[in-house]
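Shown next, in structure tokens, is the structure this report addresses.
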Amino acid sequence: MKSDNLPRNAVFVFALALVVYIVAYSGIESRRTRQGPWQIAFTNDAAGTPALVINQPALAITNVRISFPGETRPPPTNSVTALALVELRPVPFAVPFGQCVFMDATSLPGTLAFELFGHEIQLLPRVLTIDKVEQPWRSETLLALPSVKSGTK
């Protein structure tokens, strides 16, 4: 092998490594994000009862509603705050009814854990947990959680 081919071969190997890296990274990132994030809406009804509405279209989870009767969120309106938690951020961080205490968005939809009005709510692709009790995902359901203030948790 002649020494004058060394720069040309080095450039070729570098270009090949760069192409392999770009293709591999794009494939991994596409697989990681293909299902998309949880879609969470923090809302309340006209009476002021706060509610959490959860959707995850890729997992066929739609309109799972968790309400908090006995709790209030000022001002009582039909306002909606929607979140699609995609980017990692330091936990805990504030959300409208409490805080997000755990977030793993390594592979979407990931895992989220909230503390809302004294309840621990975890969103996992396999199951929903409320106060460490597993609930199967059932679209179009309403779960009413008792007020922690009344001591009936």
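Only the coordinates and a few stated rules stand behind these numbers; no lab work does. Note that the structure is predicted; figures quoted are calculated from it, not measured. In this analysis, Cβ positions are derived from the backbone assuming ideal geometry, glycine residues included, and neighbour counts consider all displayed protein chains.
Points to keep in mind about this one:
- Taking the helices alone, the chain has a mean residue ellipticity at 222 nm of -6500 deg cm²/dmol, built from -39,500 (n - 2.57) per DSSP H run of at least 4 residues and averaged over all its residues.
- Across A94, A105, A41, mean-square fluctuation computed from a Gaussian network of the chain (C-alpha pairs under 10 Å connected) peaks at A94.
- Placing a label point 7 Å from the Cα of L142 along the Cα-to-Cβ direction, the residues of the stretch 34-71 whose backbone N falls under 16 Å from that point are 43-54, 63-71.
- For the stretch 9-51, the set of trypsin sites (Lys or Arg not before Pro) satisfying both a DSSP loop assignment and a count of at most 15 other C-beta atoms within 10 Å is given as R34.
- Rounded to the nearest 10 degrees, the angle from helix 6-33 to the longest Cα principal axis of the chain is 20 degrees.
- Footprinting exposure proxy for S139, S26 (fewest neighbouring C-beta atoms within 10 Å first): S26, S139
- Choice from S30, S107, S67 with maximal GNM fluctuation in the chain (Cα, 10 Å cutoff): S30
- For the chain, the longest site-free run once GluC sites (Glu not before Pro) in DSSP loop states with at most 16 other Cβ atoms within 10 Å are removed: 1-86
- Placing a pseudo-label 7 Å from each Cα along the Cα-to-Cβ vector at R65 and Q135 gives an inter-label distance of 1.3 nm.
- T111/T72 FRET efficiency (R0 41 Å; Cβ-Cβ; nearest 0.05): 0.90
- Using a simple spin-label model with pseudo-atoms 7 Å out from Cα toward Cβ, K149 and V13 lie 7.0 nm apart.
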